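What follows is a single structure, written as structure tokens, with notes after it.
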């Protein structure tokens, strides 16, 4: 049996906390299909203010999920880890299974 250190669990939790917000999930999803986007472009795609988007981008960057490149006054962001798509696929599988269970429970109640 492999024992994983507490530091690794804490580091994993930090990354999980960084993606545990609907706006940050949306930003990750948007950036997954792009090489990089500037803050203004991301703001136009997400229903939030530029200051809010900047805050969320900072959290994702600090967690190691995004890379930032400065060009003049603009900051451009890209995913460091495209493997997040597989995490989204796993989350979607969980949600589909949860929905199936809920429907089955509802069928039993109506049955």
> In the range 43-62, how many are touching a residue at least 24 places away in the same chain (Cβ under 8 Å) and touching a strand residue (DSSP E or B) at 6+ places or on another chain (Cβ under 7 Å)?
Replying inline: 2
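So that you can scan it fast, the table gives a plain yes or no per residue for (1) surrounded by 15 or more Cβ atoms within 10 Å (Cβ to Cβ); (2) at pLDDT 90 or above:
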position: 16; (1), (2): no, yes
position: 19; (1), (2): yes, yes
position: 34; (1), (2): no, no
position: 44; (1), (2): no, yes
position: 64; (1), (2): no, yes
position: 74; (1), (2): no, yes
position: 85; (1), (2): no, no
position: 98; (1), (2): no, yes
> Assuming residue 68 fulfils every condition listed in (1) more than 14 Å from the chain's Cα centre (by Cα); (2) surrounded by 10 or more Cβ atoms within 10 Å (Cβ to Cβ); (3) part of a helix (DSSP H, G or I) apart from one, which condition is it?
Replying inline: (3)
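The values are calculated or read from the model by the stated rules, or taken from the named source; none is laboratory data. Just so it is clear, the model here is predicted, and its values are computed rather than measured. Cβ: placed from backbone, ideal geometry, glycine included. Neighbour counts: every protein chain shown.
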